[in-house]
Amino acid sequence: MLTSLQNEQVKYVVNLHKRKFREENGEFLIEGWRFVEEGLARGAHLTKVFFCAEHKNAAWPQLAAALQDKEVPIIEVDGRVLRKMSDTENPQGILAVVKQPKWTWDDFITVRDRQDLSLLLILDGVQDPGNCGTILRTALAAGVTHVCLTEGTVDLYNLKVLRSTMGAIFSLKILTHCRPEEILKVCQNQKRPIFVGDIEGTDLYETHFAQPMALVVGNEGNGPSAAFRGPGMKRITIPMSHQVESLNVAMATGIILYELRRRITLTT
């Protein structure tokens, strides 16, 4: 059992709370029983699991057996060490170190199933962790599997983002630090029209959507960046009543994605 706060493994986990350290080491941290179970079930590369016997629940024997079957090291820690490693005041009793998947543009260009890339979702400068995580969770629920995050978007492996995804992150292919120029080039090569969610544009319900396509959702305060406002961009808006000017970006994205899903379902 680990009981020392000065243990190198403890220090490593604590450092994973820092974005720079995560990026340098290619790993991130997840916390909580459900999250670890989701990661294991969805095929995440768990490199190490820490648990505290004081907080183990009824699901632990089955989860421990599944981790051992996958040859994931399990390390017991005391309550004080767990609190040091955790991001929450009252940790559930388990956390895991996970290897960051390394997706490339090749994974977004090679389409094995005609529906794999019918919709490419682009988060352009979304900064609120809760919004980002909720969008990713909603996207997967709506059938989206490929997502790009532009430079300036919140860190994908921020613990608040991860918690908001509720495990959906493990079933998505996500490119981070994307330059708009890269995205525009790929979409042009794939003959993929780009639709941009904006407060001004064509009514969502009166817009014709071609497939494959890309959808851009932008920053909470400023909307999409200039790169996605140029010629050739198809701006769409959600009609609103009673002089409501705009919706939360996560809510708006959900409305658009499910309207697109309805259209795709009806036409395929």
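Scanning the range 175-207 for residues that are assigned to a strand (DSSP E or B) and either surrounded by fewer than 18 Cβ atoms within 10 Å (Cβ to Cβ) or in contact with a Ser or Thr (Cβ under 9 Å, 6 or more places away or on another chain) (or both) yields a total of 12. Within the range 100-117, not a single residue is among the acidic types (D, E), crowded, with 22+ Cβ neighbours inside 10 Å and closer than 24 Å to S164 by Cβ.
Closer than 29 Å to N248 by Cα, free of Cβ contacts under 8 Å to residues at least 40 places away in the same chain and in the same structural domain as A214 (by TED's automatic domain parsing), is that true of T138? Spell out how you get there, then give the answer.
Working: closer than 29 Å to N248 by Cα: yes; free of Cβ contacts under 8 Å to residues at least 40 places away in the same chain: no; in the same structural domain as A214 (by TED's automatic domain parsing): yes.
Judged against the criteria, T138 is not a match.
The set of residues from the range 49-83 being buried (at least 18 other Cβ atoms within 10 Å of the Cβ) and in a strand (DSSP E or B) comprises V49, F50, F51, V77.
Checked against the criteria, L260 counts as hydrophobic (A, V, I, L, M, F, W, C) and either modelled with pLDDT of 90 or more or in contact with a helix residue (DSSP H, G or I) (Cβ under 8 Å, 6 or more places away or on another chain) (or both).
Just to be sure before I move on: is G218 at pLDDT below 95 and closer than 30 Å to L16 by Cα in the structure I sent?
On the way: at pLDDT below 95: yes; closer than 30 Å to L16 by Cα: yes.
Judged against the criteria, G218 is a match.
Take the conditions under 30 Å from W33 (Cβ atoms) and crowded, with 17+ Cβ neighbours inside 10 Å and apply them to F228. Does it pass? Answer is no for this residue. Could you tell me whether A214 is of a type in the set (A, V, I, L, M, F, W, C) and over 21 Å from the mean Cα position of the chain (by Cα)? No; evaluated as a whole, the condition is false for this residue.
The values are calculated or read from the model by the stated rules, or taken from the named source; none is laboratory data. Keep in mind it's a predicted model, so treat the numbers as computed, not measured. Here Cβ is always computed from backbone atoms with ideal geometry, including for glycine, and neighbour counts include all displayed protein chains.
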